[in-house]
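We did not get these values from a lab; they are worked out from the coordinates using the rules stated. Bear in mind that the values here come from a model prediction, so they are computed numbers and not experimental data. Cβ coordinates were reconstructed from backbone atoms using ideal geometry, including for glycine residues, and neighbour counts include every protein chain displayed.
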Amino acid sequence: MTIDAIEYAADVGVRIIAVTDKLVSPVAKRATQTIITHNKSTSFYQSLTGALAVNHALITFLAANTGGNAVQILKEAEQQLAKFEVYW
C-alpha cells in the first residue's frame, strides 16, 4: 500500500524524499532525493533511530521554511500533547 501511494504521488508530479537504509528500496526508485540511514543495532531488531531523526529534521526544516502558519500549528499540537500528557 505504501508503494502504491508513492507510485501515485510520483505519477502526479510530487517530489518524493525517500528515507531508507538501501538504494534498492522500492521507495528510493521513485524518489527525487534519497537519504540513506543506517539501521544497525546491538539487539536482534533493526534500529529506526537514524530514520526517525532524519524525518524529524526534515519536518522541522519544512515547517520553519514554508511560511504560513505551519509553525503555529505545530506549537498548538505540542501544547495539546502536553495537556494530555502524551509525552512520558
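At-a-glance table
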| quantity | calculated |
| --- | --- |
| Packing-based exposure ordering (other Cβ within 10 Å, fewest first) of LYS40, LYS22, LYS29 | LYS40, LYS22, LYS29 |
| Helix-only [θ]222 nm of the chain, DSSP H runs n ≥ 4, -39500 (n - 2.57) each, per residue, nearest 500 | -16000 deg cm²/dmol |
| Stokes-Einstein D for the range 2-88, Kirkwood Rh over Cα pairs, 4 °C, 1.567 mPa s (µm²/s) | 85 µm²/s |
| Computed over the range 2-83: relative contact order in percent, which uses C-alpha pairs under 8 Å that are six or more apart | 17 percent |
